Amino acid sequence: MKYTPFNFMCSMILILSTFMVLSSSNWLFLWAGMELNLLSFIPLIMLTNSNQETEASIKYFLAQALGSSVMLMSSLSLWFNNSSPMNYMSALLFMSLLLKIGMAPCHLWYPSVMTSISWVSCLLLSTWQKLAPLSVIAFIMTNTFTNILLMLAALNALIGGAVGMNQVHLRTIMAYSSITHMGWMMSLAAMNKMIPTLLYFFAYSLLITPIFMIFNKFSTSTSLDMNKLMSKAPILQLMIPLLLLSLGGLPPLSGFIPKWMTIEILAYNNPYILVMLIAGAMMNLYFYLNITFNMILSPSLIESPMFKFNYIPMKFLIPVSSTLLFSLPIFMLM
């Protein structure tokens with residue numbers, strides 16, 4: 001991303017608008033904050049002015065504008081007539097937030113936009129842009145919508161896992177992976193677990209940030225590019241597999257901790273929903289393992305003279321190993 005005064009201004013508005021949403025107690029200010037967030041993010045998508053980024057920005061604008069319109073209409077209707085806690089307007093309000101966050105069944109725009117933008121924009125779209133709508137869903141969650149939201153969470157986990165297994169483009173894979181993780185977060189929000197929801201979100205954000213930054217650094221787009229990446233930087237032959245498997249929730253990697261937290265919360269009250277969430281996570285782990293095996297067992301990499309584990313310096317191996325074993329003491333306390 002090029003650092004220009006205009007980009008800096010858009011980045012500041014992006015940050016401030018999100019905090020405006022998080023701190024607002026009025027639906028009008030909340031809506032205004034989301035609109036500022038939308039208008040400041042679109043210029044960050046169109047950094048190179050390519051046709052793909054222009055098309056992606058239009059898709060993003062149309063999806064967000066539709067979500068904002070429905071959210072404003074439904075919130076105003078609820079404000080004028082709040083006699084019934086469960087009505088069509090409440091359902092429309094939730095659907096508008098699902099559309100803005102890119103969750104099933106309103107998710108079709110999300111993988112399409114992710115495929116056409118840069119990795120830095122993908123990172124923002126997968127993390128920061130989800131924070132405001134996710135927090136709003138968690139804050140307005142009531143017991144009336146618990147079962148509906150749990151079913152939507154399971155649907156997201158299954159769709160993200162099943163469709164992601166058939167993808168080759170890394171941006172599309174990460175998009176459907178994000179949909180699966182959003183299903184896990186939404187299951188926590190449905191149980192009125194605000195703090196665990198945000199903890200899962202921040203853990204997910206910390207895991208995908210180095211992955212997206214590496215892909216951006218080496219202009220990685222497909223699995224074939226991953227093989228070339230390993231040839232260029234053999235130090236990544238340990239780092240990328242660990243990050244991907246941790247993102248997939250493989251124990252004892254630290255990425256399993258938020259999933260273990262969710263399993264403990266849902267195990268007794270909603271076992272069937274939990275089974276569907278785990279099924280989606282297993283499908284996610286499958287395509288992460290597929291990427292990892294194709295990357296490590298690449299013939300060009302195996303035949304390379306640099307394919308040696310002693311090539312990795314100890315100053316890198318020690319902190320990575322510490323991260324790998326980070327969750328073991330936590331498992332022992334459970």
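Restricting attention to the range 183-195, report how many residues are part of a helix (DSSP H, G or I), at pLDDT below 90 and either surrounded by fewer than 24 Cβ atoms within 10 Å (Cβ to Cβ) or among the aromatic types (Phe, Trp, Tyr) (or both).
Within the range 183-195, residues that are part of a helix (DSSP H, G or I), at pLDDT below 90 and either surrounded by fewer than 24 Cβ atoms within 10 Å (Cβ to Cβ) or among the aromatic types (Phe, Trp, Tyr) (or both) number 2.
Would you point out which residue out of 37, 49 is at pLDDT 90 or above, out of contact with any Gly (no Cβ under 8 Å at 6 or more places or on another chain), under 22 Å from residue 59 (Cα atoms) and among the polar types (S, T, N, Q)?
37
Do you know which residues across the range 170-225 are in contact with a His (Cβ under 9 Å, 6 or more places away or on another chain), within 22 Å of residue 278 (Cβ to Cβ) and either of a type in the set (S, T, N, Q) or without any contact (Cβ under 8 Å) to a residue 60 or more places away in the chain (or both)?
Matches in the range 170-225: none.
Condition (residue is charged (D, E, K, R), surrounded by fewer than 19 Cβ atoms within 10 Å (Cβ to Cβ), at pLDDT 75 or above and part of a helix (DSSP H, G or I)) applied to the range 304-320: is it met by at least one residue? Outline the logic, then answer.
We begin by selecting, within the range 304-320, every residue charged (D, E, K, R); these are 308, 315.
Then keep just the ones that are surrounded by fewer than 19 Cβ atoms within 10 Å (Cβ to Cβ); that gives 308, 315.
Then drop every residue that is not at pLDDT 75 or above, which leaves none.
Scanning the range 304-320, I find no residue that is charged (D, E, K, R), surrounded by fewer than 19 Cβ atoms within 10 Å (Cβ to Cβ), at pLDDT 75 or above and part of a helix (DSSP H, G or I), so the answer is no.
Mind checking which helices (runs of 4 or more DSSP H) fall wholly inside the range 1-112 and carry at least 3 residues that are more than 24 Å from residue 190 (Cα to Cα)?
Numbers: elements: 5-23, 27-45, 51-80, 88-101.
Hits in the range 1-112: 5-23, 27-45, 51-80.
Mind counting the residues in the range 80-117 that are polar (S, T, N, Q) and modelled with pLDDT under 90? So that I can check it myself, show each step before the final result.
Pass one, the range 80-117, residues polar (S, T, N, Q): 81-84, 87, 90, 96, 112, 115-116.
Then drop every residue that is not modelled with pLDDT under 90, which leaves 81-84, 87, 90.
So the answer is 6.
Would you point out which residue out of 227, 216 is farther than 24 Å from residue 124 by Cβ and not aliphatic (A, V, I, L, M)? Reasoning before the result, please.
Values: 216 fails: farther than 24 Å from residue 124 by Cβ.
Of the residues listed, the single one that is farther than 24 Å from residue 124 by Cβ and not aliphatic (A, V, I, L, M) is 227.
Assess whether residue 145 counts as being more than 16 Å from the chain's Cα centre (by Cα) and not basic (Lys, Arg).
On the way: more than 16 Å from the chain's Cα centre (by Cα): yes; not basic (Lys, Arg): yes.
So residue 145 passes the test.
Among the residues in the range 127-142, are any β-branched (Val, Ile, Thr), modelled with pLDDT of 90 or more and surrounded by fewer than 20 Cβ atoms within 10 Å (Cβ to Cβ)? Talk me through it step by step, then tell me what you get.
Step one: of the range 127-142, the residues β-branched (Val, Ile, Thr) are 127, 136-137, 140, 142.
Restricting the remaining residues to those that are modelled with pLDDT of 90 or more gives 127.
Now drop any that are not surrounded by fewer than 20 Cβ atoms within 10 Å (Cβ to Cβ), which leaves 127.
Yes, the conditions are met somewhere in the range 127-142.
Considering each residue of the range 40-55, count those that are out of contact with any Phe, Trp or Tyr (no Cβ under 9 Å at 6 or more places or on another chain) and under 18 Å from residue 14 (Cα atoms), and give that number.
Keep residues of the range 40-55 that are out of contact with any Phe, Trp or Tyr (no Cβ under 9 Å at 6 or more places or on another chain), which gives 40, 44, 46-55.
Checking which are under 18 Å from residue 14 (Cα atoms) leaves us with 40, 44, 46-47.
Total meeting the criteria: 4.
Just to be sure I understand, how many residues within the range 58-73 are in contact (Cβ under 8 Å) with a residue 24 or more places away in the chain and surrounded by 15 or more Cβ atoms within 10 Å (Cβ to Cβ)?
Qualifying residue count for the region: 10.
Among the residues of the range 227-247, is there at least one that is at pLDDT 90 or above, surrounded by fewer than 17 Cβ atoms within 10 Å (Cβ to Cβ), part of a helix (DSSP H, G or I) and of a type in the set (D, E, K, R)?
no
Taking residue 20, is it closer than 25 Å to residue 183 by Cβ and either basic (Lys, Arg) or modelled with pLDDT of 90 or more (or both)? Before you say what the answer is, go through the steps one by one.
Details: closer than 25 Å to residue 183 by Cβ: no; either basic (Lys, Arg) or modelled with pLDDT of 90 or more (or both): yes.
Judged against the criteria, residue 20 is not a match.
The values are calculated or read from the model by the stated rules, or taken from the named source; none is laboratory data. Fair warning: this is a prediction, and the values are worked out from it, not measured in the lab. Note: ideal-geometry Cβ built from the backbone for every residue, glycine included; neighbour counts use all protein chains shown.
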